[in-house]
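Step one of this worksheet: look at the structure below.
Every read-out reported here was derived from the displayed coordinates using simple, explicitly stated rules and does not represent laboratory data. Remember, it's a predicted structure, so these values are computed and weren't measured experimentally. Heads up, the Cβs are rebuilt from the backbone with ideal geometry, glycines too, and the neighbour counts pull from every protein chain shown.
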Amino acid sequence: MSLRNTIEEIVEKHLPDEEHFIVEIQLIENVSKPQLKILIDADHGIKIDTCAFISRQVGEEIEAKELLADAYVLEVSSPGVDYPLNSKRQYLKNVGRKLKVTLTDGKEIEGELLSVGPSDIKLKVVKKEKGKKATEEEVEFTLEEIKKSIVLVSFK
């Protein structure tokens, strides 16, 4: 089993409940001090206390099992609002919010996330044509067609 998989198992074991999930684990070793970045999220938002708890538990277990030989930096956090969505769970969490979706063909679309299916998402997109009234239409994209999706923050 790889080091990354071992760390993933350790993190999974220390998640407080089924609502919490791993977004990404990054192990950066080609720097002066290795860095282990763990991004976690929850279906209804994550609290800093949860990140601190997981950091302590995972750090203690890594030390006890001597998984990393040298000193390292451990960072446990939420992905942040500008981090691309990369799982169906993250899409489900953001239904009703506006997304900027970049497709694999390079086309960018902005719209409100209406629903998430087994392998696709549905957006409500406002179409504006010069000299005509704006119209709304629903468009669907398979998750395979999506290169990157970012939640657009509104300050209205």
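Once the chain from LYS47 to GLU19 is taken as fully extended at 0.36 nm per residue, the excess over their C-alpha distance is 8.8 nm. Cα axis of helix 48-65 to longest principal axis of the chain: angle in degrees, 0 to 90, nearest 10? With both axes taken from Cα atoms, the answer is about 40 degrees.
Using R0 = 30 Å, the C-beta based FRET efficiency linking VAL73 and LEU152 works out to 0.45. Across segment 74-89, rounded Karplus estimates of 3J(HN,Hα) from the backbone phi angles (6.51 cos²θ - 1.76 cosθ + 1.60, θ = phi - 60°) give 10, 10, 10, 8, 7, x, x, 5, 8, 7, x, 5, 9, 9, 4, 4 Hz, Gly and Pro being marked x.
Computed 3J(HN,Hα) for segment 35-47, one whole-Hz value per residue from the Karplus formula 6.51 cos²θ - 1.76 cosθ + 1.60 where θ = phi - 60°, is 10, 10, 10, 10, 9, 10, 8, 9, 4, 10, x, 10, 9, glycine and proline marked x. For the chain, the share of DSSP beta bridges that are antiparallel, to the nearest 5, is 85%. May I ask for the angle, rounded to the nearest 10°, between helix 3-14 and the longest principal axis of the chain, with both axes built from Cα atoms and the value confined to 0 to 90°? That helix lies at roughly 80 degrees to the long axis. Proximity of backbone amide H atoms, modeled 1.01 Å from N, is registered between LYS147 and THR102, LEU103, THR104 at under 5 Å, excluding neighbours fewer than 5 places apart on the same chain. Assuming charge only on the beta carbon of Lys and Arg (+1) and of Asp and Glu (-1), the dipole of the chain about its Cα centre is about 1040 debye to the nearest 20. Between SER115, SER32, SER87, the Gaussian network model of the chain with springs among Cα atoms under 10 angstrom shows the greatest mean-square fluctuation at SER32. Among the listed pairs LYS88/LYS133; LYS124/LYS147; LYS37/LYS107; LYS100/LYS130; LYS33/LYS147, a Cα-Cα separation exceeding 24 Å is found for LYS88/LYS133; LYS37/LYS107; LYS33/LYS147.
Express the relative contact order of segment 21-156 as a whole percentage, based on alpha carbon pairs under 8 Å and six or more residues apart in sequence. Value for segment 21-156: 20 percent.
Within the chain, all pairs of alpha-carbon atoms sorted by distance into 5 Å bins from zero give the percentages 2, 8, 16, 17, 15, 13, 11, 8, 5, 3, 2, 1, 0, 0. Coupling constants for segment 112-124 follow from the phi torsions by the Karplus curve (6.51 cos²θ - 1.76 cosθ + 1.60, θ = phi - 60°), and in residue order they are 7, 6, 8, 7, 10, x, x, 9, 8, 10, 10, 10, 9 Hz; glycine and proline get x.
Let me know the charge dipole size of segment 1-62 about its Cα centre in debye, to the nearest 20, where only the beta-carbon of Lys, Arg (+1) and Asp, Glu (-1) is charged. Write down the numbers at each step before the final one.
Working: 6 positive and 13 negative charges, 81 e Å.
Dipole size: approximately 380 debye.
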